[in-house]
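Below: one structure, written as structure tokens.
The values are calculated or read from the model by the stated rules, or taken from the named source; none is laboratory data. From a predicted model like this one, the values you see are computed outputs, not experimental measurements. Note that each Cβ is placed from the backbone with ideal geometry, even for glycine, and that neighbours are counted across all protein chains shown. With ligands, DNA and RNA removed, areas are computed over all heavy atoms of the protein, side chains included. Shrake-Rupley method; radii C 1.70, N 1.55, O 1.52, S 1.80 Å.
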Amino acid sequence: MKFIKNTSGKRELDDLSLVAAYQNSGDLEVLGELYNRYMHLVYGVCFGYFKDEEQSKDAVMQIFEELVKKLRIHQVQNFKSWLHVLTRNHCLMALRKSSKNPTVTLEENFVENDDFVHLDIDDTKETQLTIMEKCMETLSEEQRKSVDLFYLQEKCYKEVADMTGYDILKVKSYIQNGKRNLKICIEKNSGQ
């Protein structure tokens, strides 16, 4: 992990000050200073999902590119938590995308093989996504809307409240309860 510099010792401005400075100026140096504080954590989350050093390094850079756009438009109260959600969502979307387009290595004599057997592709991730989608339907409308906007569309609490018309405290409650109900439903339907 030599490409990550950990400069957690020097903190001239707090996170929210840097977020505000970046949102006002669009200065990538300010964003770089802020991101550098948490890059090692982003890498750790990515590595936990991908189990591959190079893919995790690529993801760290892709997430920075997402930050350039997303941090300008989102209201962020806790940058570290918001970045963690952004990182997790990035990894999950990358895994979902790769599961839809699996790579298959072909043997040299593949074309000449008379005994062609259909490839048995592991549908575990697709099954999990299907279970999650069905479980989303079991949530109340308020929970479903709030969970969808917060986790899948990466909106902050205030944006969810503005878009749905729900009180911000209700939004937090819907998200927390929806997440718990979703977890229970997924575990029940996964046979765990």
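Below is a table of values for the structure above.
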item: Single match in 33, 54 (criterion: acidic (Asp, Glu), loosely packed, with under 14 Cβ neighbours inside 10 Å, over 28 Å from residue 149 (Cβ atoms) and modelled with pLDDT of 90 or more); result: 54
item: Subset of segment 76-96 [under 17 Å from residue 61 (Cβ atoms) and open to solvent by 80 Å² or more (accessible area, probe 1.4 Å)]; result: 93
item: Failed item in (1) in contact (Cβ under 8 Å) with a residue 60 or more places away in the chain; (2) surrounded by 19 or more Cβ atoms within 10 Å (Cβ to Cβ), with residue 22 passing the rest; result: (1)
item: Hits in segment 147-168 - residues which are of a type in the set (Ser, Thr, Tyr), modelled with pLDDT under 90 and in contact with a helix residue (DSSP H, G or I) (Cβ under 6 Å, 6 or more places away or on another chain); result: 157
